[in-house]
Amino acid sequence: MQIGGTLVNAVVRIVVLAATLALVYYFIVRPILDTTETVSGGISGNLEKTFEDINEAFDQSNGQGGSLDPTEVKQKVTRVGGRRQKRLINCIQNSSQDFGRIQRCANRFGP
């Protein structure tokens, strides 16, 4: 009798633990992962648009970009993090594709 009771007790504990872990996953971990994926997707989309703007502005300037070339500006954008990166991306996107203004943005907000 003791063995049967102990076995049922162990099975109940395992089921309760599995149910608890499943609830933690569905109500805590999964929403955090979904939010993180949404945020990172937005950031990568902004970076891609910024890189396209940089290339287009450099092409329109006929290679007269001054002291920076597009790859240097892109490196500055990717090296900056957090709030400064958002400000740099906004500055570049508001530069009307003028490479001189993009350079100033990179120098102002870059590392």
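From the set of residues in segment 72-86 that are under 15 Å from PHE51 (Cα atoms) and not β-branched (Val, Ile, Thr), which is farthest from the chain's Cα centre (by Cα)? My answer is GLU72.
In this entry, SER95 passes the filter for residues that are in a loop (DSSP other than H, G, I, E, B), modelled with pLDDT of 70 or more and hydroxyl-bearing (Ser, Thr, Tyr). Considering segment 19-74, the residues that are aliphatic (A, V, I, L, M) and under 30 Å from ARG104 (Cβ atoms) include one that is modelled with the lowest pLDDT, namely LEU68.
The values are calculated or read from the model by the stated rules, or taken from the named source; none is laboratory data. On a predicted model such as this, the values are computed, not experimentally measured, just so you know. Cβ sites come from the backbone with ideal geometry, for glycine too, and all protein chains shown count toward neighbours.
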